[in-house]
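One structure is given below, encoded as structure tokens.
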Amino acid sequence: MKSVIRSLATAAFLSMIVASTSFADDSKVHHIAIQVDQNDPQIMNLALNNASNVIEAYRAKNEEVNIDIVTYGPGLYMLRDDTSPVKDRIKMLKDMAFPGKIEFSACNVTKQGMEKAEGHAISVLADATVVPSGVVHLMELQEQGWSYVRP
């Protein structure tokens with residue numbers, strides 16, 4: 001009788017380990033930061049292609065991925081409401097990112113510099129968030145374990 005109970009307990013314990021391991025795999029969340037620092041529509045589209053491919057790859061695995069496309073310097077033109085050559089793609093990508101999320105981060109240091117040089121306020125896309133510094137934001141994401149890509 002003791003061996004039967006011991007066998008059942010062992011089987012139950014192993015089942016719990018297998019169940020928790022598979023649950024952990026299903027709930028893994030991936031993180032990737034993509035840098036855009038050039039005012040080049042090809043680079044901007046490449047960054048969006050990278051993000052789209054990552055979303056599709058993890059969607060196929062039933063895993064969540066969070067993406068942050070971080071712009072600074074001339075790359076800020078990607079997220080400027082008045083100059084973005086990819087604003088329609090950004091909206092479309094934002095809508096397709098579930099499960100997970102995609103963020104678009106605009107460097108405030110660059111934004112302020114452009115405003116000073118141009119003599120007027122600059123609006124960023126509604127889907128973008130202004131961060132204090134794009135470079136610092138990238139650094140902090142990497143310190144939190146985010147993967148980094150520069151197209």
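Quick note: the coordinates plus some simple rules give every number you see, no bench work behind them. Quick caveat: nothing in here was measured; it's all calculated off a predicted structure. Virtual Cβ from ideal backbone geometry, glycine too; neighbours counted across all protein chains shown.
Tabulated values for the structure
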read-out: DSSP bridge pairs, the stretch 29-149: antiparallel proportion in percent, nearest 5; value: 5
read-out: Set of the stretch 45-66 residues, backbone N closer than 19 Å to the point 7 Å along the Cα-Cβ line of residue 129; value: 48, 51-52, 55, 64-66
read-out: Relative contact order (%) - the stretch 29-149, alpha-carbon pairs under 8 angstrom, separation at least six; value: 32
read-out: FRET efficiency for residue 27 and residue 57, using Cβ-Cβ distance with R0 set to 30 Å, rounded to 0.05; value: 0.95
